[in-house]
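Down below is the structure, laid out as structure tokens.
Rule-based calculations on the coordinates, nothing more; no lab input. Given the structure is predicted, the values throughout are model-derived calculations rather than measurements. Note: ideal-geometry Cβ built from the backbone for every residue, glycine included; neighbour counts use all protein chains shown.
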Amino acid sequence: MPLPVAVLAATFGGAASAFVPRVAHRLAVPRGAPPRSACPSCETRTDSWVRAGASCRCAPPPMCTVAVSALAAGLLGAAIGPAPPLVALLPAAVVGVLLAAIDLRCLRLPDPLVALFAAVTVLPLALGALASGEPGRLVRALAAAALTGVIYLLVALLPGGGLGLGDVKLAAVLAFVLGDAGWPAVAIGLLAPHLINGPMALSLLLTRRAERRTPLPLGPALLAGALLALVTTR
Ligand SMILES: [Zn+2]
């Protein structure tokens with residue numbers, strides 16, 4: 001295992017994600033609402049975007065966000081090593097943590113952030129596949145994204161499918177990333193999110209913290225499933 005790469009990657013992930021809480025706090029608003037400009041708890045103005053640490057003076061330090069991001073980035077560094085895909089996937093991990101934080105707070109995956117996630121992954125991975133003389137990787141990634149997009153869109157269109165269009169878009173982008181790595185990664189990435197969210201939904205039901213119709217965010221499970229797929233198939 002390339003330990004120095006894993007440590008450097010974890011340090012980057014942890015440090016960069018310290019800036020996530022403020023951005024998540026401002027963007028976790030209902031669809032169409034402007035970014036939040038004041039703290040709902042203490043009414044301090046929060047109209048800057050760049051602040052490391054807690055989202056507001058009254059909030060606790062974001063230990064969990066930093067730990068999850070450092071762990072995700074460290075695992076990617078250990079699995080991929082000092083190879084070009086890591087350059088695309090480390091910033092993607094931080095954007096992924098931001099998407100998960102917003103989805104957990106308001107059940108939304110805002111389009112501009114999913115587009116940012118696509119921009120930091122799809123373009124570098126596509127260029128990497130072409131530059132290394134492996135256009136087959138790009139074809140496989142596009143096929144995986146199309147296939148996953150269609151499957152998720154069909155489920156989203158079913159009555160009571162429980163999927164939002166943000167989930168469909170994020171799943172398709174993640175399938176591109178996993179398709180670049182290989183079909184086994186795509187298969188794990190398709191299955192794992194439901195194996196993660198299923199038991200979680202069941203435990204919420206059994207402890208009566210949710211009802212059958214309570215919507216659950218899928219974004220964090222999609223991202224965790226993709227991470228699992230990447231690190232187990234490398
Ligand atoms: Zn506050």
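Rounded, prolate or oblate: which fits segment 1-136 when a ≥ b ≥ c are the square roots of the eigenvalues of the alpha-carbon gyration tensor, with rounded for a/c under 1.5 and prolate only if a/b beats b/c? It is oblate, given that a/c is not under 1.5 and a/b is not larger than b/c. Residues in segment 89-112, backbone N under 15 Å from the label point at CYS64 (7 Å along the Cα-to-beta-carbon vector): list them, ranges by number please. Of the residues in segment 89-112, 97-107 have backbone N under 15 Å from the label point off CYS64.
Placing +1 on the Cβ of every Lys and Arg and -1 on the Cβ of every Asp and Glu, with no other charges, gives segment 1-118 a dipole of roughly 300 debye about its Cα centre.
For the chain, return all DSSP H helices satisfying: extent of Cα atoms along own axis at least 24 Å; mean Kyte-Doolittle hydropathy at least 0.5. Flagged H segments are 63-80, 84-106, 111-131, 135-157, 165-181, 183-206.
In this Cβ point-charge picture (+1 for Lys and Arg, -1 for Asp and Glu), the chain has a dipole of about 540 debye about its Cα centre. Summarised in one figure, the compactness ratio Rg/Rh of segment 137-215, Cα atoms and Kirkwood Rh, is 1.06. Placing dummy labels 7 Å off each Cα toward the beta-carbon, the span from LEU116 to CYS39 is 2.2 nm. You can think of it this way: the chain between ALA83 and ARG105 has 4.5 nm of extra reach, that is 0.36 nm per residue less the Cα-Cα gap. The peptide list 41-51, 163-173, put in order of mean Cβ contacts within 10 Å with the highest first, becomes 163-173, 41-51. I need the fraction of alpha carbon pairs in segment 3-233 separated by more than 23 Å, rounded to a whole percent. Every Cα pair in segment 3-233 considered, those over 23 Å come to 50 percent.
The label-point distance for THR232 and VAL50, in a model that sets each label 7 Å from Cα toward Cβ, rounds to 4.0 nm.
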